[in-house]
2 protein chains.
Amino acid sequence: MAGNDDGRNDERRVHIFDTTLRDGAQTQGVDFGVADKIAIARALDDLGVDYVEGGWPGANPTDDRFFAEPPSFKNAKLVAFGMTRRPGRSAENDPGLAALVNSKADALCMVGKAWDFHVDVALEIDRQENLKMIEDSIAFAKSRKSEAMFDAEHFFDGFKANPEYALACVKAADAGGARWIVLCDTNGGTLPHEVSEIVAEVAKQVPGARLGIHCHNDTENAVANSLAALWAGARQVQGTLNGLGERCGNANTISLIASLALKSDFNIGVSNTQLGHLTHVSRLLDDRLNRAPNRHQPYVGDSAFAHKGGLHVSAVEKDPRTYEHIDPEIVGNQRHIVVSDQAGRSNFLARFREIGLELEAGDKRVNRLLEEVKDLESQGYSFDGAEASFELLARRRLGEVPDYFRMERFRLMDDRRWNARGDLITESEATVTVEVGGQLRHEVASGNGPVNALDVALRKALVWAYPVLEGMALSDYKVRILTPQEGTRAVTRVMIESAAPDGQRWTTLGVSPNIVEASFTALEDSYSWRLFKAGVEPLGPKSAAARN
Amino acid sequence: MAGNDDGRNDERRVHIFDTTLRDGAQTQGVDFGVADKIAIARALDDLGVDYVEGGWPGANPTDDRFFAEPPSFKNAKLVAFGMTRRPGRSAENDPGLAALVNSKADALCMVGKAWDFHVDVALEIDRQENLKMIEDSIAFAKSRKSEAMFDAEHFFDGFKANPEYALACVKAADAGGARWIVLCDTNGGTLPHEVSEIVAEVAKQVPGARLGIHCHNDTENAVANSLAALWAGARQVQGTLNGLGERCGNANTISLIASLALKSDFNIGVSNTQLGHLTHVSRLLDDRLNRAPNRHQPYVGDSAFAHKGGLHVSAVEKDPRTYEHIDPEIVGNQRHIVVSDQAGRSNFLARFREIGLELEAGDKRVNRLLEEVKDLESQGYSFDGAEASFELLARRRLGEVPDYFRMERFRLMDDRRWNARGDLITESEATVTVEVGGQLRHEVASGNGPVNALDVALRKALVWAYPVLEGMALSDYKVRILTPQEGTRAVTRVMIESAAPDGQRWTTLGVSPNIVEASFTALEDSYSWRLFKAGVEPLGPKSAAARN
């Protein structure tokens, strides 16, 4: 079951290789920070994938920092990506390869050309030299790391143009000792029946090689092409979460895992429990990218198991198999029908257990909370990834969370004008009126923007009463527009991640047509959660008087 | 070439059947009016599809009105959808069938169950009666219309459960005289290798039948499943524009047409000129649905032929086949060279050419611009996907963009307080002082948030001078925090997408530690770009006086 099951002896073992952090990071508009990379890598490891490609050491400062202190994994192997050595020098003396072998990666994946046209036109080098570059680089990598893999770039176009040369590239990697030789449909133009034929032919021609497949979605067949390759003999499949990637994206790791686990006799080393995290991992990526999840995404989308229309729904109520190809809970998703949502209840109870709240299925408060959460979600709240706000909501309804303070009023002012020196400046100022410890505190602060000013002013009003708030800091601030078709009148969701000196991190959210109000709600929840978790008692008038 | 080529004698002729207006219309949130239906139907006819399924006469008033006065087609046949007769009555006396045969459709497509489980559990009728319902209904429809087709609902699940019964349903439709028998993967759970096997088996068992295929995208294989069926012997394929449809959508007609026309030896009756309309037709659907097109959509997406990264771009400049699976112009799309921090000079010059600026590599202004863009990107600007701001920047440096207005000052005020009725409310108000046409305009507006208020106030100050701004609207607003580790003091990037009534869309951006300032910069660029592209002259004091 475990992802580190080597599986050399299991003919049906398929290895999942995720390249969200490398090939996915090439996407227009995607710009992962180190914290994003670590969070996504950990989620992939938890999901049970075999390989996590973390990036390209030596290519940019983010990847250098990631590989300098990589996360430690339970199952997965961390892979570093790079190019085969340059022409005309040895692998040992290639600075690019040095960055790879000196990185803290467990395994290396090196890309090289497998299409004669590219060798001639893009690289402009001798075709024999290209073969040597492949073999030397793999052999060198293998001497320094537990695994070396070869990414055969443009393999399918290459095979169609010149099968002998494309095969020679595969054989060179095999001769170098590659653990995996990954056939890449780099331009994404190959159709499934071609992939089947070509992979079967390679498996026949280079029988010792262990083949992988790497597909792009330019004809909308990335997942199908990947499956076709596995059915034709490949045993490693590369993809990205939600199909993230340049142009039309890569093969979607989420769909691949679900279809292979639920609809094939391949063994992918992902347990049933791990499969139940698929929806969560998919949403996590979108949160990190600060974009709305695709409602229609196979298996994990919000609409993937939505039922509309009376006849349809009544058939589903009689037996869900009438209109569902799988049980949505298996992948952590849920059915959307208005009536008697059993899946919702059990998900819900599971979420309570996660925050340490043991409630019985029959408890009436569960129903009320379920209704309230559904109502908030229809307004645009999404508690996926904002566990602190979810926990506060639940515990407030159970009467466990005291009111620590009460915001009477705030005013924010942003002023953009020319100053005395002739520069255009923008200033933000916040005034707050807060009731705390029986007193009305009136404070003012300026900041780099309205939310910063509000945060500073609010803290000024609270810290005297609750010193535990002093060390905390906001570590991330995300804004998402929920109804983009309404432009600047759109409903806005703000997520705030906070951190305390003791290392604790928590995320809260607020939703409103007014971005300022949404930000305030998220800030207020963040302070309250911190106070609740620190076990602080609300300050009464007497203790307040003593403290002043 | 024409879509009305019957093709009975051409073994490689594949018929395209589009069901955007029927099955696509089932999608949550989709609500076509009659005008939408007519516009989309005409576009499909122009594109050269063989069948346009317009809806379900008798099911709702929109479909009744559409079929009462349907558009006349050059090539396509108009199809009406409905159910086979009810159990226990004759086809002649079934009111549902009467609505179908009395409609102005050229052909009818009737759905019936092909899965014994559904016959037993959902319909709760005798299995033999179900077979008679199929045969009778087809025979009756055929007596009244030129073509009758049978949609075999749940065919693949049915075949897997009880192949004899599923085949009996196909044979009943064949006995009734069906022109096409369409095998439907209604729940979308079937994988391509299964589709291949099952379709081949049906073709063998019912050799006289002409088979079609109808797939859903629940495993992300709708297009691949459709192709697999064609390769196994089906000769009609059903899809929807952009894969519109319930849950995860239907097979995408756009991708099917492109792959079949460009990558197969099937004849689909779509000419090269018609193929060049694909991108336009895809965008037309999104316009009608009032949603932003999917940038990553295969063949027709804005990013489908986008290239990023220096090495990559210089190879594309040498020969586009290095990184493009087809020439984008064939499907009416275009190449995009993405500007990013990886941009080298070759990216840069290519990007200029795209916006119609011919600059020589040796031009000193190129170097200055390159330096400026790098500097802005190090501050957090990213011109990926903000082409309008990039174009403005370049053309401003070349002295081509006039100053249309000058913002002297703005002030934003957000107030959260208890109103007289005891509700907490948040109000935003903006005042702007703008110099335009030699006059200082001072305007105020309120809004749902500070940016909305600013947008409204600024437009109030400008529209009198530039009426072309009146119809434009902000269609998306995105905020990204660039330095999340600094919490609410973080640097913010705001991207604004705007749309004009003529269908033009453009994206601008602003970067600042102050979210309000960043939003203002993006708004300012959006107005300026619209004015520049509309060829508007800046308003001088004299014309301004005349206009007041």
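Please treat every number below as a calculation from the coordinates, not as lab data. Here the structure is a predicted model, which means the values were calculated and not measured. Heads up, the Cβs are rebuilt from the backbone with ideal geometry, glycines too, and the neighbour counts pull from every protein chain shown.
Laid out as a table, the results:
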quantity	calculated
Surface/4 of the Cα convex hull for segment B:353-425, nm²	8.8
Of B:Lys113/B:Lys263; B:Lys104/B:Lys142; A:Lys171/B:Lys318, those spanning more than 22 Å from alpha-carbon to alpha-carbon	B:Lys113/B:Lys263; A:Lys171/B:Lys318
Alpha carbon Rg of segment B:42-81, scaled by the compact-globule rule 2.2 N^0.38 Å	1.14
Per-bin percent of Cα-Cα distances, segment A:56-102 [10 Å]	26, 46, 23, 4, 0
Helical contribution to [θ] at 222 nm, DSSP H n ≥ 4, -39,500 (n - 2.57), averaged over the protein assembly as shown, rounded to 500	-11500 deg cm²/dmol
Cα pair distances exceeding 58 angstrom across the protein assembly as shown, given as percent	15
Segment B:203-360 - Rg over Rh from alpha carbon coordinates, Kirkwood radius	1.06
Proxy reagent accessibility, fewest Cβ within 10 Å first, across B:Trp506, B:Trp231, A:Trp418	A:Trp418, B:Trp231, B:Trp506
Relative pair counts by distance (%), Cα atoms of segment B:15-289, 5 Å bins	1, 6, 14, 18, 20, 19, 13, 7, 2, 0, 0
Counting all C-alpha pairs of segment A:171-287, share separated by more than 23 Å (%)	32
Aspartates and glutamates with Cα under 16 Å of A:Lys542, excluding same-chain neighbours fewer than 8 positions away	A:Glu435
Hydrodynamic radius of segment B:1-134 per Kirkwood, over alpha carbon pairs, in Å	16.2
Relative contact order [Cα under 8 Å, 6+ residues apart], chain A, whole percent	9
Candidates per trypsin sites (Lys or Arg not before Pro) in segment B:389-447, loop by DSSP, up to 11 other Cβ within 10 Å	B:Arg421
Low-density loop positions, GluC sites (Glu not before Pro), segment A:109-210 - DSSP coil, at most 12 other Cβ in 10 Å	A:Glu124
Computed over segment B:406-547, Cα set: Rg, Dmax in Å	16.6, 53
Cα centroid separation, segment B:168-207 to segment B:45-92 (Å)	22
For chain B, projected area of the alpha-carbon convex hull averaged over all directions, nm²	32.7
Convex hull per residue volume in Å³, alpha carbons only, for segment A:226-283	82
